[in-house]
Amino acid sequence: MADTTDDLSTPLGQNSAPKRRLRLPVTLPQVAGFLLGSILVVFLGFVFFNHDPLGGEPVARVAIQQTSVSDDKAAAIRSAPKQPDSAAAVAAQSATGQKTITIIDGSSGSRQDVVVSGPDFNTADAGSPAVATGVGQHLLEKSRYGMIPAIAADGLKPFKAYAMGTEADRAKAAKTPVVAIVVSGLGVGATKTTDAIMKLPAAVTLAFTPYGSDPGKMVEQAHAQRHEVLLQVPMEPYDYPDNDPGPQTLLTTLGAEQNIDRLHWQLSRFQGYVGLTNFMGARFVTAATVMQPFIREAAGRGLGYLDDGTAPTSVVGQLAERQAMPFAKADLTIDAVPTSVEIDKALARLEELAMKRGIAVGMTSALPVSIDRIGAWIKGLESRGVMLVPLTTAMLKSKSS
């Protein structure tokens, strides 16, 4: 091939002109920008035109196995009432005459919230709790809070009507050292109340506070097991109101009429008790001016009284004697130190007192350890020459001796 003019004119030793390269219509930065822009457009379109309300939320998929439900069960589920929220629950309690109160333990200081049902705390037209089966209507009198104990027209007193000891037991007790045990603080806490009713012998007396949600039912269970029953009346302690027994507490700052009105509320909470005992009340039981009308009212309704023995200067014994009222005073608190060793020591002291004086009365709470140790001690008591008796039997023996 002949050389071209350019080839002939090119100086010797120099390369010829470079060959032409293929050039793209766009640059690589332009391509990258186009791709990023496309991705952004797609993302914005998804955001603005997608209407999934759960978009962006985490999603879990689970397998649900469908089971058949009978028509009856389905109807029951549909008709079941919804659980009320806290505000609705309070309104429901108010509408049904219920009230939530805080009970403060006088010895430990522990607090427990309980719901109290029954007659209202302040009004006169509220209904009374149902009277337990076996309670004599002739031994009741209507008050502004409901039915309260009264001496029957024929002279029968609740103290005698609801006493559980037999004449044979009383005759035997007159010749034998006797011990009466009273379990207090019942009615608040179904488990401990049921344990006391079912696990302890019938001769053990049970004391109920007025603050249980259904005290009448629990007292009926106690009667079915042949236990005597006391009503614990909340009374003012020395450190009131820091230590508050509860609503309608009897106070030394109130007049006799006001305290008797409060007492009637306490008396109306349930029926079938042989007498009363104090719930706290170390200040109240030492003040004769407030205790005298109280004792007169209780004696006039045919009730006995047990002093729990925690106030050394209590005037109740003297006042009860003037009213010819059945009376006893607890010699010691069995579980003041709630350990097995100390409870056993207290029971031994109680037994010694019975052998020495002929009568001894002990009070206890319904702690599991207390019920367990008392139950074990009672099993061998009679073989040691001491008789366990209901409180009324001890009171009658004390009165006759």
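The values are calculated or read from the model by the stated rules, or taken from the named source; none is laboratory data. Predicted model, so just to flag it, every value in this text is computed and none were measured. As a convention, Cβ positions derive from the backbone with ideal geometry for all residues, glycine included, and neighbour counts pool all protein chains shown. Surface areas here come from the heavy atoms of the whole protein model, side chains and all, with no ligands, DNA or RNA. Shrake-Rupley method; radii C 1.70, N 1.55, O 1.52, S 1.80 Å.
Pull up region 359-401, narrow it to residues that are surrounded by fewer than 18 Cβ atoms within 10 Å (Cβ to Cβ) and basic (K, R), then point me to the one that is modelled with the lowest pLDDT.
Taking the candidates together, the pick is K399.
Please work out if I295 is more than 22 Å from the chain's Cα centre (by Cα), without any contact (Cβ under 8 Å) to a residue 40 or more places away in the chain and more than 20 Å from L391 (Cα to Cα).
no
State all residues of region 293-302 that are open to solvent by less than 10 Å² (accessible area, probe 1.4 Å) and either farther than 18 Å from G146 by Cα or not hydrophobic (A, V, I, L, M, F, W, C) (or both); if no residue qualifies, say none.
The answer is F294, I295, G302.
Would you check if there is a residue in region 221-243 being touching a Leu at 6+ places or on another chain (Cβ under 6 Å), among the polar types (S, T, N, Q) and under 22 Å from F327 (Cβ atoms)?
no
Would you confirm whether any residue within region 229-244 is touching a Gly at 6+ places or on another chain (Cβ under 7 Å), farther than 21 Å from A287 by Cβ and either of a type in the set (S, T, Y) or touching a residue at least 24 places away in the same chain (Cβ under 8 Å) (or both)?
Checked against the condition, which is being touching a Gly at 6+ places or on another chain (Cβ under 7 Å), farther than 21 Å from A287 by Cβ and either of a type in the set (S, T, Y) or touching a residue at least 24 places away in the same chain (Cβ under 8 Å) (or both), region 229-244 yields at least one hit.
Condition first: under 24 Å from the mean Cα position of the chain (by Cα) and more than 18 Å from M395 (Cα to Cα). Now tell me which residues in region 273-292 satisfy that.
F279, M280, G281, A282
How many residues does region 281-292 hold that are open to solvent by 30 Å² or more (accessible area, probe 1.4 Å) and either in contact (Cβ under 8 Å) with a residue 40 or more places away in the chain or within 14 Å of P234 (Cα to Cα) (or both)?
Counting residues in region 281-292 that are open to solvent by 30 Å² or more (accessible area, probe 1.4 Å) and either in contact (Cβ under 8 Å) with a residue 40 or more places away in the chain or within 14 Å of P234 (Cα to Cα) (or both) gives 1.
So that you can scan it fast, the table gives a plain yes or no per residue for (1) under 16 Å from A173 (Cβ atoms); (2) of a type in the set (G, A, S):
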{"site": "T310", "(1), (2)": "no, no"}
{"site": "G317", "(1), (2)": "no, yes"}
{"site": "G358", "(1), (2)": "yes, yes"}
{"site": "S370", "(1), (2)": "no, yes"}
{"site": "W377", "(1), (2)": "no, no"}
{"site": "R384", "(1), (2)": "yes, no"}
{"site": "L388", "(1), (2)": "yes, no"}
{"site": "L391", "(1), (2)": "yes, no"}
{"site": "A394", "(1), (2)": "yes, yes"}
